[in-house]
Amino acid sequence: MISLKQLQTLDAVVRGGSFQAGAKALHRSHPSVINLMRSLEETIGFALFDRSGYRTGLTEAGEAFHKRALRVLREHAELEELASFLKDGNEARLRIVIGDVTPLDETLRVLRGFARQHPRVQLDLDFENLSGPRERLLDGDADLIIHHVNPSDPRFECHKIAEVKIIPVAAPGYLDFTPDSDTRYAALRPYTQCIIRDTARRIEKEKHFILDEAHCITVGDQHTKKSIIVQGMAWGHMPDFMIAKELEDGTLLSIEGPWIKGSVVDIVVARIAKDRRGKMANKLWDDFLSIPDVMG
């Protein structure tokens, strides 16, 4: 068996350029280092060192072996650091669910800052629509979600981090009429509506702005929904940050009015109230709370 002590000694000898220098770096006797390296060579069955010259150098096989040994030593050091990290009560993994109308770039900036500060924590990111994030949190399948929840629901602890306006839009020419202040949803019933699929599996699903008896196209994400509306295949409601450019250049037109309404959604970071949490989950929570205007 190759021991970690042998690999550490091999690296010290190579770095020092001699058995004596390696022994000095490791605070061991010169003979003990020589014996340890001979034992390693007997174990692996080939010479690591070319002893024909004045300075101790590696053979070709020794160079290949040392290169791989360095990887093992680095991984061992990382393993020891991780063990110390976990011993202190830190989590190795956090599960975060991001909702379909959450501004993604701004959210990822916060997560990127956390990841840089805590590189040993694995961030598992999932994306769910409508009621999906709330269900994942209630099922214990997420440490926190970034979405919209009812702030009066006592099951959740939440902190508002952004407002997103949901706007009804259509491509130019999709409707055969120009919406005005008297236009009602009944006028849209003959037209196809694009709606997003609720990813919740058990709890009661949300139903926003869906016209009964109207033909619809159901999609799994907001980006596909946007493309379908831009292509003039349907009309639908979209978060403002996803369509700002299209509204500006006329690729999409707002059809919002007194009767065809949009809405303003509060985006929050939420977790289960009074739940026990690890140190890293609390630190990520604090990162969101410490930057109240992170998403504008």
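No value in this document is a laboratory result; all are computed from the given coordinates. The model shown is predicted, which means the values in this text are computed figures rather than measured ones. All Cβ positions, even for glycine, are placed from backbone atoms using ideal geometry, and neighbour counts span all protein chains on display.
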Q: Determine the relative contact order of the stretch 163-264: mean sequence separation of Cα pairs under 8 Å and six or more apart, normalised by residue count, in whole percent.
A: 52
Q) If the cut-off is 14 Å between C-alpha atoms, which aspartates and glutamates fall inside it for Lys279, apart from same-chain ones fewer than 8 positions away? A) Asp88, Glu91, Asp143, Asp287
Q: Using DSSP, restrict attention to beta bridges with both residues in the chain and report what percent are antiparallel, rounded to the nearest 5.
A: 60
Q.
For the pair Lys245/Arg202, report the inter-label distance in nm, with labels modelled 7 Å from Cα in the Cβ direction.
A. 4.1
Q | Calculated from backbone phi, Karplus (6.51, -1.76, 1.60) coupling profile of the stretch 191-200 in Hz, x at Gly/Pro | A | 9, 5, 10, 9, 10, 9, 6, 6, 8, 5
Q | Hz values of 3J(HN,Hα) by residue in the stretch 177-187 - Karplus curve (6.51, -1.76, 1.60), Gly and Pro given as x | A | 9, 9, x, 9, 5, 9, 5, 10, 4, 4, 5
Q. Amide H to amide H under 5 Å from Gly262: which residues, 5+ apart in sequence or cross-chain, H placed 1.01 Å off N in plane?
A. Gly257
Q. Using alpha carbons only, how many degrees (0 to 90, rounded to 10) separate the axis of helix 279-289 from the longest principal axis of the chain?
A. 40
Q: Give, rounded to the nearest 20 debye, the magnitude of the charge dipole that the chain has about its Cα centre when Lys and Arg contribute +1 at Cβ and Asp and Glu contribute -1 at Cβ.
A: 1580
Q: Name the residues whose placed amide hydrogens come within less than 5 Å of the amide hydrogen of Ser131, ignoring near sequence neighbours (fewer than 5 apart) on the same chain.
A: Thr199, Ala200, Glu206
Q: Give me the number: length gained by fully extending Ile2 to Glu75, i.e. 0.36 nm times residue separation minus the C-alpha to C-alpha distance, one decimal in nm.
A: 24.7 nm
Q) Relative contact order (percent) for the stretch 4-87, with alpha-carbon contacts under 8 angstrom and 6 or more residues of separation? A) 25
**Q.** Distant-in-sequence amide H partners of Lys165 (H built 1.01 Å from N, under 5 Å)
**A.** Asp240, Phe241, Val265
**Q.** Helix 240-249 axis, angle to the chain major axis (alpha carbon atoms, nearest 10°)
**A.** 60
Q: Would you mind computing, in nm to one decimal, how far apart the modelled labels at Asn150 and Ser290 are, each placed 7 Å from Cα along Cα→Cβ?
A: 3.4
(Q) For Cα extents along the principal axes in Å, one of (1) 96, 43, 33; (2) 53, 47, 40; (3) 58, 44, 37 was computed from the structure I shared and the rest are decoys. Which label? (A) (1)
Q) What is the helix-to-structure angle for 60-87, meaning the angle in degrees between its Cα long axis and the longest Cα principal axis of the chain, kept from 0 to 90 and rounded to the nearest 10? A) 60
(Q) Defining a contact as two alpha carbons under 8 Å apart and six or more residues distant in sequence, what relative contact order in percent does the chain show? (A) 21
Q) Gain in length, Ala115 to His27, computed as 0.36 nm per residue apart minus the alpha-carbon separation, to one decimal in nm? A) 27.9 nm
**Q.** Label-zone membership for the stretch 256-284, site His159, 7 angstrom Cα→C-beta point, backbone N under 19 Å
**A.** 266-284
Q) Which residue, Ser152, Ser18, Ser84, has the most motion in a Gaussian network model of the chain that connects Cα atoms within less than 10 Å? A) Ser18
**Q.** Nitroxide proxy distance, nm - points 7 Å out along Cα→Cβ at Ser39 and Ser84
**A.** 2.7
**Q.** Under 27 Å from the Cα of Lys165 - lysines, other chains or at least 8 residues apart
**A.** Lys205, Lys207, Lys225, Lys226, Lys245, Lys261
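Given the Cα-Cα distance of Leu125 and Ala273 and 0.36 nm per residue of separation, how much length would full extension add, in nm?
Here the segment from Leu125 to Ala273 would lengthen by 51.2 nm.
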Q. What does the charge add up to near Leu58, with Lys and Arg as +1, Asp and Glu as -1, over the other residues with Cβ less than 10 Å from its Cβ?
A. -2
